[in-house]
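Asker: Here's a structure for you.
Coordinate-derived values only; no laboratory data. Bear in mind that the values here come from a model prediction, so they are computed numbers and not experimental data. All Cβ positions, glycine included, derive from the backbone under ideal geometry; neighbour counts span all protein chains shown.
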Amino acid sequence: MRPGESLWQIARRYGVTVQQIATLNGLRDANRLVPGMALLIPTERRHVVRAGETLWQIAARYGTTVDAIARENRIANVNLIYPGQTLVIPRGTRPVIEANAYQANLATGNVAPTAEAAPYLTYIAMFSAAVTEDGDVVPPRAESFIEAAHRGGAEALLTLTNFRGSTFSSDLASQFLNNPAAVQRAIDELVIILRVQGYAGLNVDFEYVYPSDREAYNNFLRQLRPRLHAEGRSLSTAIAPKVRADQPGLLYEAHDYPVHGEVCDFVVIMTYEWGYVTGPPMAIAPLRQVRQVLDYAVSAIPPEKILMGIPTYGRDWRLPYQRGVTRAETFSPVAATNRAIDVGAWIQYDEDAQSPFYRYWDAQGNEHIVWFEDARSLQAKFDTVKEYGLRGVSYWVLGNPFPQNLPLLQDNFRVRRLR
């Protein structure tokens, strides 16, 4: 929005109410706004006919056809519409995709974010089950979350990690993957857990695996596939955002894109965390870097098997950044926008990163920079999914208020439902 604009003016321009805009964008106070905010306007579904308008003009405005509007509204004569008439506008042709979101807040017992998101998603991945060096699988207490996903029409996936405590363990992964008896025990237990608890598939998220264990990890996936398929369940993995096959680094080297693409039903590429907690300030998922990852990914994995990762959070860094000292605060897009309002910061938009940001000074005189996601950055990511012909999207993570997200997803795509 521009300086001096009010929500009342915007609502009047688009023929909607102030409350509709406030609700759709998670605004605390319709009278407190800042320039640069991206507002999602609920005009895509209904249009009030103005004097002199024709159905052809209305169809052109919304990128649809006269016939589509006529069918949607049961209009027998397309030349007979009248001022004040409310027309439901069809969304038109939208690509069909799959959409996943990770639920990583199982310990809270709060199923509300899962229940809210489930009607929009194909999968909700419960994060996470742990595996021991000996191959024992410790599943999360997720029964109420699985039920909430199913009630909303989403399938539940179980995410398996190499967590030791609350961090990924390279040593644990190595000891497990190189123990054939442990691998077999884990697969046997996983088959039972998925069957008994009602999971539609397994999502393996092994991170920081030693490069020397790359083939052992590949073999684990190769052994999982036939056992899960025999049960009618899917196998997927979460993989690091690589830009080339031989990319160095503990996060990347053991993730073999061609093998994952061949063995798995689909993969989630974690195209986020460029702006990480202890790293230099930058966009969480800058589009230039995301596209570099996708350029390599589609050369190694069929695009119809790729879910592109999307973050649902932002970060606030205190400046100047000091490596090893600075630790960013992570919060939701709604909280990021509210902070801009509270401190009176004008929100800017980086065209290269396709991400919003702003600067401000706190009460102690310290400068801060905030990078986050909004409707504009989401739309840029959705357009990228369409351009590359990907299978869909995967969100990290549920529970961060971002009311613009799911309606915008629905406007751009038809999400495949498997229940």
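Asker: Going 7 Å from the Cα of residue 151 along its beta-carbon direction, which residues of the stretch 110-140 have the amide nitrogen within less than 20 Å of the resulting point?
Answerer: In the stretch 110-140, the label zone of residue 151 (backbone N under 20 Å from the point 7 Å along Cα→Cβ) covers 110-127.
Asker: Using the Karplus curve 6.51 cos²θ - 1.76 cosθ + 1.60 with θ = phi - 60°, work out ³J(HN,Hα) for each residue of the stretch 13-19 in order, rounded to whole Hz, and write x for Gly and Pro.
Answerer: 4, 9, x, 10, 9, 4, 5
Asker: Please label the shape of the stretch 1-128 as rounded, prolate or oblate, based on the square roots a ≥ b ≥ c of the eigenvalues of the alpha-carbon gyration tensor (a/c under 1.5 means rounded; beyond that, a/b larger than b/c means prolate, else oblate).
Answerer: Since a/c reaches 1.5 but b/c is at least a/b, the shape of the stretch 1-128 is classed as oblate.
Asker: Taking amide H positions as placed in the peptide plane 1.01 Å from N, state which residues far from residue 164 in sequence (5 or more) or on other chains have amide H under 5 Å from it.
Answerer: Those lying under 5 Å, H to H, from residue 164 are 169.
Asker: Enumerate the residues in the stretch 348-392 having an amide nitrogen under 17 Å from the point lying 7 Å beyond the Cα of residue 116 toward its Cβ.
Answerer: From the stretch 348-392, the list is 373-375.
Asker: Please compute the modelled spin-label separation between residue 32 and residue 304, points set 7 Å along Cα→Cβ, answer in nm with one decimal.
Answerer: Result: 5.0 nm between the two label points.
Asker: Could you tell me how far the Cα centroid of the stretch 36-101 sits from the Cα centroid of the stretch 278-319, in Å?
Answerer: Centre-to-centre (Cα) distance: 33 Å.
Asker: Also: Set the Förster radius R0 to 41 Å, insert the Cβ-Cβ distance between residue 214 and residue 12 as r into 1/(1 + (r/R0)^6), and round the FRET efficiency to 0.05.
Answerer: Working: r = 60 Å, r/R0 = 1.46.
For R0 = 41 Å, the calculated efficiency reads 0.10.
Asker: For the pair residue 54 and residue 246, what calculated FRET efficiency results from E = 1/(1 + (r/R0)^6), where r is the Cβ-Cβ distance and R0 = 56 Å, to the nearest 0.05?
Answerer: 0.40
Asker: While we're on this one: Can you tell me the orientation of helix 333-343 relative to the chain, as the angle in degrees between its alpha-carbon axis and the longest Cα principal axis, to the nearest 10?
Answerer: So the inclination is approximately 60 degrees.
Asker: Explain nothing, just the number: dipole magnitude of the stretch 181-227 about its Cα centre with +1 on each Lys and Arg Cβ and -1 on each Asp and Glu Cβ, in debye rounded to the nearest 20.
Answerer: Magnitude of the dipole: close to 240 debye.
Asker: By how many degrees, between 0 and 90 and to the nearest 10, does the Cα long axis of helix 214-230 differ from the longest principal axis of the chain?
Answerer: For 214-230 against the chain, the angle is about 70 degrees.
Asker: Something else now. Using 0.36 nm per residue of separation minus the Cα-Cα distance, give me the extension gain between residue 383 and residue 67 in nm, one decimal.
Answerer: 111.2 nm
Asker: Give the calculated FRET efficiency between residue 20 and residue 323 to the nearest 0.05, with a Förster radius of 51 Å applied to their Cβ-Cβ distance.
Answerer: 0.65
Asker: Here is a further query. Given the peptides 274-283, 331-340, 376-385, arrange them by the average over their residues of other C-beta atoms within 10 Å, most packed first.
Answerer: Sorting 274-283, 331-340, 376-385 by mean packing, highest first, produces 331-340, 376-385, 274-283.
Asker: State the antiparallel share, in %, of DSSP beta bridges confined to the chain, rounding to the nearest 5.
Answerer: Looking only at bridges with both residues in the chain, the antiparallel portion is about 35 percent.
Asker: Give me the one-decimal nm value for the distance between modelled label points at residue 349 and residue 295, 7 Å along each residue's Cα-to-Cβ direction.
Answerer: 2.4 nm
Asker: Continuing with this model, one more query. If each residue of separation counts as 0.36 nm, what is the full-extension length gain between residue 366 and residue 222 once their alpha-carbon separation is subtracted?
Answerer: Between residue 366 and residue 222, full extension yields an extra 46.6 nm.
Asker: Between helix 375-388 and the chain, what is the angle of the helix's C-alpha long axis to the longest principal axis, kept within 0 to 90° and rounded to the nearest 10?
Answerer: 60 degrees
Asker: When a/c is below 1.5 the answer is rounded, else prolate if a/b is larger than b/c, else oblate, so apply that to the stretch 262-401 with a ≥ b ≥ c taken from the square roots of the Cα gyration tensor eigenvalues.
Answerer: prolate
Asker: Read phi for every residue in the stretch 102-117 and hand back ³J(HN,Hα) as whole Hz from Karplus 6.51 cos²θ - 1.76 cosθ + 1.60, θ = phi - 60°, with x for Gly and Pro.
Answerer: Couplings: 8, 9, 10, 10, 5, 5, 6, x, 7, 8, 4, x, 5, 5, 5, 7 Hz.
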